[in-house]
Every structure is written in C-alpha cells, then in structure tokens.
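Read-outs: derived from the displayed coordinates by stated rules, not from any lab. Since the structure is predicted, the reported quantities are computational estimates derived from the model, not experimental observations. For neighbour counting, all protein chains shown are included, and Cβ atoms are generated from backbone atoms with ideal geometry for every residue, glycine included.
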Amino acid sequence: MPSPDPAGSVVIQLDDVRKVYGTASNAVHALRGIDLTIRSGEFVALMGASGSGKSTLMNLLGCLDVPTSGSYTLDGVRVDRLSKNALADIRNQKIGFVFQGFNLLARTSALENVELPLLYDRTGRHRAPRALARAALERVGLGARADHHPSQLSGGQQQRVAIARALVTEPRLLLADEPTGNLDSRTSLDVMSVFQELNDGGITIVIVTHEPDVAQCARRIVEIRDGHLVRDHAVDDRVLAAEALTHLAVDPELESDAVASAAP
C-alpha cells in the first residue's frame, strides 16, 4: 500500500456542490451548497437521517454521479465534468468501495473476489494480481481463508473480504456505505477495528452510517440535514474498536455460532 502522506494533502475538495433531481416545479434539491475538505489520512463518518442527502453525497464522492453545479476535486483531479468512461477509470484507480451487503460473488473464492477489480484495470500498473489479492487478504487477517467461498465465511469475514477487495487497487480513498448495517454489535466492532487499523496505516476513509456508536470509531463526524452540511467536528471520546472488543461480554450462543461459521 502507498505510504501515509505526512503533508496531509487534500484528497477531497467540494466547493458549493449542489445536486438537483427533476426540473422546475418537480425539482428535488438533494444537496444545497456543500463545502467539504478531507485530507490524506483522515477517517470521516458521514451521518444524516433518511432523505438528508448523505447517500447522494456518497455517490458524488464515489464518482457514481456528478453534481448539478459546484466543483469536486479528487486527489488533484477535477472530476465533476468528466465523461462516464473517465469517471469509471477514476473509480478503479483512486477509490475503493465497501458496501453494506458485501456484494461478493457467491460461487467465487475469497481470493478470486478480491482479485476481481484488478481484472478491470486498464492502466497495466498492477502486476501479479493473484499475489496482490493474497496480500490484501493477509492485510485484513484472512490469508488462511483465501480458498473459502462466501457461504463458508461469517458475516464479519465476508465484510473483511469486501474490505480487502476495496484495498487491492491501492486506492487513495476508501468509501464504505453502512459497512456494519448487516452485522451484530460484536462483529461491527470487529469490522471497525479493521478500518481503524487501516486508517492508522495512512488510508483515507469515509464511511456513511446512521449508527452513532459506529461514527464514534471515526476521527471526525460530518452531519448532513436537508441537503446542508450542518455540523463538522472532531470525535471526542473516540471508541477504539479493538479495545472495546476485549471488554465486550460474549454471549456463549453467539460465540458458538461464530466458531461454527469460521470452521473449515
């Protein structure tokens, strides 16, 4: 992976970003003038109620959509006016995605799932994709599960595979959309411990979450309401997920299920 950027260079720069769906009397103003700067090495939680605009903002950050007006610069590249093909290249080269539903191919091994983004890389900058995929799995603690299919993995392990898949292209930015939404509390902490470890290693991370406990694992919280950025603050009393796991009482039944799901 790239080494941490000691200068804290700007990875995300949004200036007066607006997103309007529909026209005239049917217009829906999803974002209403968002200004946001995120620097290399930050860990930001994006929060907001349903309909607040946070999902629209995440789509823009991930270059899955473009703003109606305003500018978006990603890692020094002005992306808000790029073509669809150019946006696809940016997504593949600079962004890693982690989703709530894991989005793993059921009949494909963990290793092959992680390798998949490299098969779409048209730059030729990644050599030995199988070795890179294996290294990404090792990075999230699943090197021994490389040959397992998703059905042979627990929910937390599947999300770790999804994180490895997001990391394998060595992106400048990791975007996670409700990454713990399908997981119980203990497994959520386990997944957040992976994100924190990656962030400690210099990876820039933005997560969308509606869970305050999950947001407390980030270093900074940005709150969206009615298309406006209403609060942007550093996290006080940050939760260290790995430490919290050691203090969490284990339900014997859940532990038994976890052991069973992790069995070869």
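Quick look at the values:
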| quantity | calculated |
| --- | --- |
| Size descriptor, Kirkwood hydrodynamic radius, that averages inverse alpha-carbon separations across the range 159-207, Å | 11.1 |
| Protection-proxy order for peptides 9-22, 147-160, each taking the mean of Cβ atoms within 10 Å per residue, highest first | 147-160, 9-22 |
| Calculated SAXS-style log₁₀ I(q)/I(0) at q = 0.14 Å⁻¹ - the range 145-241, Debye, Cα scatterers | -0.55 |
| MRE, 222 nm, helices only [DSSP H, n ≥ 4, -39500 (n - 2.57), over the chain, to nearest 500] | -10000 deg cm²/dmol |
| Percentage, to the nearest whole number, of Cα pairs in the range 10-262 over 29 Å apart | 31 |
| Highest-fluctuation residue, ALA30, ALA106, ALA164 considered, GNM on the chain with Cα pairs under 10 Å | ALA106 |
| Compactness of the range 58-203 as Cα Rg over 2.2 N^0.38 Å, two decimals | 1.06 |
| Charge dipole magnitude, Cβ of K and R +1, D and E -1 - the chain, Cα centre, debye nearest 20 | 1140 |
| Debye log10 I(q)/I(0) for the range 18-87, one point scatterer per Cα, at q = 0.13, 0.17, 0.20, 0.21 Å⁻¹ | -0.41, -0.69, -0.93, -1.01 |
| Listed residue (SER55, GLY33, GLN158) projecting farthest to the positive dipole end of the chain, Cβ model | GLY33 |
| DSSP-defined antiparallel bridges as percent of all bridges, the chain, nearest 5 | 55 |
